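Q: Handing you this structure, nothing more for now.
The values are calculated or read from the model by the stated rules, or taken from the named source; none is laboratory data. Model, not experiment: these values are computed from the prediction. Glycine also receives a Cβ, built like all others from the backbone with ideal geometry; neighbour counts cover every protein chain displayed. Remember, those area values only see protein heavy atoms, side chains included, never the ligands or the DNA or RNA. Shrake-Rupley method; radii C 1.70, N 1.55, O 1.52, S 1.80 Å.
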Amino acid sequence: MISNLFYTFKTAPALVRKSLLSELLHGLLVAVPTGFLLLIIQELFSGNPVAQRIWLYVIIMVVLLGVQLWLAAKTMIGTNVMAYTLSTNLRIKLGDHLQRLSMGTFKQRDPGDLAAVVLQDVANFEMIFAHTIGNIAGAVFATLIISVFLFITDWRLALVLLCALPLSWVMIRISNYLIVQQGSKHVAARNETSARFLEYVQGIRHIKSFGMTGKRFTSLETALNDFRRASIRTEAIPGPFVLVAGLALEVFFLLMIYLAVTFLTNGSLTPAAVITFLIVGYRLYEPIKIVLVDYVILRYMNISLDRVIEVLRTPEQSAGKGYVPAGFNISFEQVTFGYQDDKAVLQNVSFEVPERSMLALVGPSGSGKTTITALMARFWDVQSGSVKIGGTDVKEMDPSRVYSLISEVFQDVYLFDDTIYNNIRFGRMDATDEEVRDAAARAMVLDFAWDLPEGLHARTGEGGNKLSGGQKQRISIARALLKNAPIVLLDEATASLDPENEIYIQQAIRELVKDKTVVVVAHKLATIRHAEQILVLQEGCIAETGTHTQLMEKKGLYHHLWEIQQQSGGWKITGNRSAVVSVHDTVPIVK
Ligand SMILES: Nc1ncnc2c1ncn2[C@@H]1O[C@H](COP(=O)(O)OP(=O)(O)OP(=O)(O)O)[C@@H](O)[C@H]1O
């Protein structure tokens, strides 16, 4: 836990030092008036009390109280500034780190779980820093000072009071152990609930259409019930040990009273000392009680801190030697790759895409077409062989350099919840207004934007949910046009569009691919008839390569797929003997 705390402290060390110092000072000011209280009691029982002296002590106590209040306000502000600065710094660090992870990391983790780390777990430790740590630091300090006063008054009774601490500590250790056990389950259940709820909201359309709403959406219901059970257990199982820890303090206080009366009767203790212990002795336990409860909270929060640090320590994709490519041809050399180490999705795949030429990837569903494009963009690293751009292995390039060379247009377009204009501008943030509008015009975005009341400044909704599939597609092409990257990856860009939209998109794509190295995953074979090279994949291997004419003459798998497309004109069939949709009058991407 301590190492976790130090890890986070490093994101704003000066603020942490300042805040802890002011907490300690505040703890001191809370304890010092107790010393004056002792002096007043002793003065009262001195046999010859001096009223002026007592008033002086009272005035000092009032002044200290005023200073304490002022410092408490300052400390509270300082601690909150520290807590929220730490959490903001950590969230920024998490955001930076997440974008440097390989896609593999994202695929292996539930997105809801990752969102829970950034939002809920970071919020949890905001609490640690805003309240718990300061409370503990101040309370430890106050306990030390009050103990010193009590030891000076009578070491035997002070010792009895402090003897309660080891027993309480044992109870707290037990409850900590249980908290770590139950807390991990609780956090896991909480995240499962968030993930299922996210899934519920995102899939609400399908859930409604299949009548799975409410109780019938059982995975969410199960997650909610598990969360309820885990919450009860997290409170109920360690709770009794915290109570016993508090009870131990009360028992030792009673023991102290018994001994104080005994010492008083045998003359080894003055009445002043007895009164002191009765009043101040109990105050010793106040900060300790705070520590007991806060320490338990701290242990629970530490589970969140563990999760945040685990994400931060996930290895980033290496930047290799930071080489720069010499051109924009792409080559695969003996590439073998699998999403899981034991199952190869591509085997010994080799091919070359010359700069400014077009390669089309064709093949049955699941044959590895999309995987090839993902490897080109270095979303994943290959297990053996190499993927090169301009003769440089992508593993030797900084991933951000690889992304900067590539524009992608996918069937599933993701738009940010912003205006159409800004969504296009994400392609190149330093683009001028004229350049953004030019890209919008070339991608046929203006054709539909004119009809919207706010034109290009209309909002797209989350993920682009206020627009049609074809409109989103055109925005994504405009974004790619603006980026003007030398390599363009197109994946099923027109597979699900109606003929009218398809004509618009094909026109926009023809703009996009001019003078670029293009790799297109094609389901409609008619669109790639004129590609310089067609690669036919089957079960992760290259089955055939050539131009459309050469492949048709071969009368192999490509010919078979083409023939089926001409006949079916509709649905995609999966499997080895599969075929893809045929749209007879489809416009080719390049002519
Ligand atoms: N993230 C992933 N994790 C594990 N396996 C995956 C992942 N993505 C794809 N696969 C598997 O890899 C294989 C190739 O998938 P890929 O998406 O490359 O095929 P495809 O030819 O593009 O298929 P389609 O035409 O249906 O899109 C499939 O068996 C698929 O199940």
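Q: Placing unit charges on C-beta atoms (Lys and Arg positive, Asp and Glu negative, everything else neutral), compute the dipole magnitude of the chain about its Cα centre in debye, rounded to 20.
A: Once rounded to the nearest 20, the dipole reads 960 debye.
Q: Let me know the charge dipole size of the stretch 245-310 about its Cα centre in debye, to the nearest 20, where only the beta-carbon of Lys, Arg (+1) and Asp, Glu (-1) is charged.
A: The dipole magnitude comes to about 120 debye.
Q: Oh, and also: Sort TYR323, TYR300 by accessible area with a 1.4 Å probe, largest first.
A: TYR323, TYR300
Q: In terms of solvent-accessible area of protein heavy atoms at a 1.4 angstrom probe, what is the ranking of LEU446, LEU512, LEU224, highest value first?
A: Ranked list, largest accessible area first: LEU224, LEU446, LEU512.
Q: Rounded to the nearest 10 Å², what accessible area does VAL293 have for a 1.4 Å probe in the complete protein model?
A: Taking all protein chains as shown, VAL293 has close to 80 Å².
Q: Hey, what number do you get for the chain at 222 nm if only DSSP H runs of n ≥ 4 count, each worth -39500 (n - 2.57), divided across all residues, to the nearest 500?
A: -20000 deg cm²/dmol
Q: Between LEU452 and THR336, what is the label-point separation in nm under the 7 Å Cα-to-beta-carbon projection?
A: In this crude label model, THR336 to LEU452 measures out at 4.9 nm.
Q: Of LYS369/LYS555; LYS343/LYS524; LYS10/LYS321, which sit over 25 Å apart, Cα to Cα?
A: Distance filter (> 25 Å) returns LYS343/LYS524; LYS10/LYS321.
Q: Continuing with the same structure: With every protein chain left in place and a probe of 1.4 Å, what is the accessible surface of LYS554, to the nearest 10 Å²?
A: 120 Å²
Q: Shifting gears a bit: What's the angle, to the nearest 10 degrees (0 to 90), between helix 155-202's Cα axis and the longest principal axis of the chain?
A: 20 degrees
Q: Oh, and also: Which of the listed residues, LEU167, TYR7, VAL293, is farthest toward the dipole's positive end in the chain, when Lys, Arg count +1 and Asp, Glu count -1 at the beta-carbon?
A: The listed residue farthest towards the positive side: LEU167.
Q: Continuing with this model, one more query. So if I place +1 on the C-beta of Lys and Arg and -1 on the C-beta of Asp and Glu, and nothing else carries charge, what would the dipole magnitude of the stretch 281-418 be about its Cα centre? I want it in debye, nearest 20.
A: Value, rounded to 20: 300 debye.
Q: Quick one: helix 557-568 against the long Cα principal axis of the chain, what's the angle to the nearest 10°, folded into 0 to 90?
A: Between helix and principal axis, roughly 90 degrees.
Q: With unit charges on the beta carbon (Lys/Arg positive, Asp/Glu negative), name the residue among LEU249, VAL148, LEU312 whose Cα is farthest towards the positive pole of the charge dipole of the stretch 2-312.
A: LEU312
Q: Please calculate how many Å² of accessible area the chain carries per residue, with a 1.4 Å probe and no DNA, RNA or ligand atoms counted.
A: 49 Å²
Q: So how do ARG156, ARG442 rank on accessible area, 1.4 Å probe, biggest first, that is with the largest at the start?
A: Reading off the accessible areas and sorting them downward yields ARG442, ARG156.
Q: Step by step: find N for the stretch 2-312, compute 2.2 N^0.38 Å, then divide the Cα radius of gyration by it. What's the final number?
A: Expressed relative to 2.2 N^0.38 Å, the Cα Rg reads 1.30.
Q: Ok, one more. Before anything else, pin down the relative contact order of the chain: Cα pairs under 8 Å, at least 6 apart, normalised by residue count, whole percent.
A: 13 percent.
Q: If you line up the long axis of helix 51-98 against the longest principal axis of the chain, both from Cα atoms, how many degrees apart are they, to the nearest 10?
A: That helix lies at roughly 20 degrees to the long axis.
Q: Taking a probe of 1.4 angstrom, what is the accessible area of VAL201 in Å², to the nearest 10?
A: 80 Å²
Q: For the chain, what size does the Cα cloud have along each of its three principal axes, sorted from largest down, in whole Å?
A: Result, largest extent first: 119, 50, 48 Å.
Q: If you don't mind, there's one more thing I want to ask. On the accessible surface of the stretch 336-444, probed at 1.4 Å, how many percent belong to carbon and sulfur atoms?
A: 45 percent
Q: Sticking with this one: Taking all protein chains as present, what is the carbon and sulfur share of the accessible area of the stretch 2-312, in % to the nearest whole number, probe 1.4 Å?
A: Roughly 71 percent, rounded to a whole number.
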